[in-house]
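Heads up, the thing below is written out as structure tokens.
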Amino acid sequence: MSLTVTVLGAGVVGLAVAAELSARGAAVQVIDPNGPPGAHGCSWWAGGMLAADCEGEVAEEQVVRLGREAAGWWQAQGAEVQYRGSLVVALGRDRRELDRFARRTENHTALDQAALSALEPDLGERFDRALHMGKEAHINPRETILALHDRLAARGVSFGTDGAPSGQVVDCRGLAARDALPELRGVKGEMVILRAPDVSLSRPVRLLHPRFPLYIVPRGDGVFMLGATQIESGERRRATVRSVMELLNAAYALHPAFGEAELLEIGVDARPAFPDNLPRISGGKDGRIYVNGLFRHGYLLAPAMARMVADWLMDGKKPEVWHETHH
Amino acid sequence: MPMFYGTEIASRMMLGTAQYPSPAVLAEAFKRSGAGIATVSVRREAGEDQAGQAFWELIKELNVALLPNTAGCHSVREAVTTAHMARELFDTPWIKLEVIGHADTLQPDIFGLAEAARILSEDGFQVFPYCTEDLVLCDKLLNTGCEVLMPWGAPIGTGLGLNNVYGLRSLRAHFPDVPLVVDAGLGVPSQAAQAMEMGFDAVLLNTAVAKAGDPAAMAEAFAKAVDAGAMAHAADPMEPRDMAAPSTPVLGKAFLE
């Protein structure tokens, strides 16, 4: 049986859905008025941590469970997945935050200074304890999404900036879908990209801090992504001095060598989220299927969402994140 | 029940709205605690074109009184500007006034606070000042027109409880008719109960609830402690004493030696 699908939106969700459906034999076209993935969409500004276990600190069990599908799925798409785990550290007086984080999460090993030094010598100089989240992975989101775009195009998925949707429409427009999903809101995030050749880290690091939590994701060649603020605002521009200062301060506290880093980029966008900050697949009265609300878990949850959309359209299996029709 | 600027609130618990895992969890915390006032920060969320609107709409749906704050303001001018923004956004004269004086402890700048309270009160605001337990400061705040005081228990977000019980007790004794709210530093329900037993009118919580493993359950636990403490205060607790007082007479002795 052949299914014709039009995916609206070429962000991480749209591309993942297009990939999964086309892999299962559907004829897929993707329409995005902004063209291929780029700085116009919030997928561009993601960290790329496939950190299901860490997210368990705050997120629901569902996010953790579905997120565990991510690394394998991305690898199957040809992405360069770094299976190096991630590290969690806290500065001296916030040390108890580490115990609390450990209580709330799974799949971690406590490292003493020697063990930490063996994994990341630069951190071993600064911290005498850490948690190693050994099952986590990370990717470079920009490379990943661009490569997926090219791979899909080569496979026969057609990409356009306008045109009439045909067949089943799957709406993956992110925050732009607020016109149809009134509960959707934006959560502003600001991030920074640095080049710090004097810092050597090979896996993502989270710095626990009650006021300025930070994560740092290595992108190779001495480039690091620092993220991210989380502000209840739909604003998609205007990174503030305060936010950037907080991020840079936290990075400097993690390792003073970041003080000599070159500031490459300051990014800002808003994540699409529903009131429970959980993702939803829903059916509109317009016959569309809406996939949205992945919040800060775009690359982590897009694979599971894509699988569920395909299971629903091709096998009639209702997604566990199904949400009854809005309006 | 506490009365703030002529408005009676049906709960002795106020809840902040920051740092929850999601707005849905926040709503659940309000539901289970019955908290009567929600504080909401506007400074950072406002952005251009009222970009925080979607979140504020969710807060408005809680159907509780809204108390916008000037969290994150470090100067009189910032605080006054933020208060004006808040009045416009939420259509209320209420403002929880925070002027932070020390970045590390988030200790209020008491001089800036008194100045901002005077400016805002003269401008028709009904000011809820976040202050220390300093008696002289509190007296000055009342003179600028404040009709509520919100002394800290401990620095914001520390969960240390009531650091200066003597100071808070003396505040209560000196201002028997002023609504007093312990604002910051509470970590567990027993600390909230202690404040209420001392005769405070209400407590305001945020981190202790929002950062708990189960925020909604913690909010309810606090609500129960607040009720217990208030009930105990109204029931006129016994005075502590050094000597044991047997609750049944000791046979054969008229007096304890």
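Some notes on this structure:
- Restricted to the stretch B:73-88, and to residues there that are touching a helix residue (DSSP H, G or I) at 6+ places or on another chain (Cβ under 7 Å) and crowded, with 18+ Cβ neighbours inside 10 Å, the residue that is nearest to residue B:156 (Cα to Cα) is B:73.
- Near pairs, Cβ below 9 angstrom, 6+ apart or cross-chain, from the stretch B:208-232 (farther than 13 Å from residue B:32 by Cβ) to any residue that is assigned to a helix (DSSP H, G or I) and among the acidic types (Asp, Glu): B:228/B:197; B:229/B:197; B:230/B:197; B:232/B:197
- Among residues that are of a type in the set (D, E, K, R) and outside the structural domain of residue A:160 (by TED's automatic domain parsing), residue A:94 is included.
- Qualifying positions in the stretch A:192-212 - more than 24 Å from residue A:236 (Cα to Cα), more than 14 Å from chain B (Cβ to nearest Cβ) and not charged (D, E, K, R): A:196, A:197, A:199, A:200, A:201, A:202, A:204, A:205, A:207
- Residues that are among the aliphatic types (A, V, I, L, M) and surrounded by fewer than 24 Cβ atoms within 10 Å (Cβ to Cβ), drawn from the stretch B:209-222: B:210, B:212, B:216, B:217, B:218, B:221
- Test for residue A:233: is it closer than 21 Å to residue A:298 by Cβ and within 14 Å of another protein chain (Cβ to nearest Cβ): yes
- Any chance residue A:227 is within 14 Å of chain B (Cβ to nearest Cβ), crowded, with 19+ Cβ neighbours inside 10 Å and in contact with a helix residue (DSSP H, G or I) (Cβ under 9 Å, 6 or more places away or on another chain): no
- Residues (without any contact (Cβ under 8 Å) to a residue 60 or more places away in the chain and part of a helix (DSSP H, G or I)) located in the stretch A:113-127: A:113, A:114, A:115, A:116, A:117, A:118, A:124
- Any chance residue A:148 is more than 14 Å from chain B (Cβ to nearest Cβ) and closer than 17 Å to residue A:300 by Cα: yes
- Selection count, the stretch B:75-102, where residues are modelled with pLDDT under 95, within 14 Å of chain A (Cβ to nearest Cβ) and not in a helix (DSSP H, G or I): 1
- Check on residue A:109, within 14 Å of another protein chain (Cβ to nearest Cβ) and modelled with pLDDT of 95 or more: no
- Figure legend. Inter-residue proximity from the stretch A:128-144: first residues under 22 Å from residue A:74 (Cα atoms), second residues basic (Lys, Arg) and in a strand (DSSP E or B), beta-carbon distance below 9 Å, spacing 6+ or different chains. Indicated pairs: A:133/A:206; A:140/A:219; A:142/A:219; A:143/A:219.
- Within the stretch A:241-272, considering residues that are within 11 Å of chain B (Cβ to nearest Cβ) and in contact with a strand residue (DSSP E or B) (Cβ under 7 Å, 6 or more places away or on another chain), the one farthest from residue B:53 (Cα to Cα): A:243
- When each of A:46, A:23, A:39, A:27 is tested for being more than 14 Å from chain B (Cβ to nearest Cβ) and surrounded by 18 or more Cβ atoms within 10 Å (Cβ to Cβ), the lone residue that passes is A:46.
- Across the stretch B:59-89, the qualifying residues are those that are more than 19 Å from the chain's Cα centre (by Cα) and hydroxyl-bearing (Ser, Thr, Tyr), and the one among them that is nearest to residue B:17 (Cα to Cα) is B:82.
- Residue in the stretch B:167-186 that is touching a Leu at 6+ places or on another chain (Cβ under 7 Å), touching a residue at least 40 places away in the same chain (Cβ under 8 Å) and either surrounded by 21 or more Cβ atoms within 10 Å (Cβ to Cβ) or assigned to a helix (DSSP H, G or I) (or both) present: yes
- None of B:193, B:245, B:216, B:225 is more than 21 Å from residue B:108 (Cβ to Cβ), modelled with pLDDT under 95 and not polar (S, T, N, Q) except B:245.
- Exactly one residue out of A:102, A:59 is not basic (Lys, Arg) and not assigned by TED's automatic domain parsing to the domain that holds residue A:200: that is A:59.
- Checklist (1) within 30 Å of residue A:306 (Cβ to Cβ); (2) more than 21 Å from the chain's Cα centre (by Cα) applied to residue A:210, failing item: (1)
- Considering A:189, A:222, the condition of being within 14 Å of chain B (Cβ to nearest Cβ) and at pLDDT 95 or above is satisfied by A:189 alone.
- Just so you know, in the stretch B:10-26 the residues that are crowded, with 19+ Cβ neighbours inside 10 Å and out of contact with any helix residue (DSSP H, G or I) (no Cβ under 8 Å at 6 or more places or on another chain) include one that is farthest from the other protein chains (Cβ to nearest Cβ), and it is B:14.
- Taken over the stretch B:114-135, the criterion of being under 24 Å from residue B:90 (Cα atoms) and in contact with a helix residue (DSSP H, G or I) (Cβ under 7 Å, 6 or more places away or on another chain) is satisfied by B:114, B:115, B:116, B:117, B:119, B:120, B:125, B:127, B:129, B:131.
- Residue check for residue A:221: on the phi > 0 side of the Ramachandran plot and either out of contact with any Pro (no Cβ under 8 Å at 6 or more places or on another chain) or touching a residue at least 24 places away in the same chain (Cβ under 8 Å) (or both): yes
- Of the candidates B:235, B:184, B:202, the single residue that is among the hydrophobic types (A, V, I, L, M, F, W, C), at pLDDT 95 or above and under 20 Å from residue B:39 (Cα atoms) is B:202.
- Residue identified as surrounded by fewer than 24 Cβ atoms within 10 Å (Cβ to Cβ), among the small types (Gly, Ala, Ser) and touching a Lys or Arg at 6+ places or on another chain (Cβ under 7 Å) among A:261, A:273: A:261
- Qualifying residue in the stretch B:27-36 (condition: surrounded by fewer than 16 Cβ atoms within 10 Å (Cβ to Cβ), assigned to a helix (DSSP H, G or I), within 14 Å of chain A (Cβ to nearest Cβ) and without any contact (Cβ under 8 Å) to a residue 60 or more places away in the chain): no
The values are calculated or read from the model by the stated rules, or taken from the named source; none is laboratory data. Computed from a predicted structure; not experimentally measured. Every residue, glycine as well, gets a Cβ built from its backbone with ideal geometry; the counts of neighbours run over all protein chains shown.
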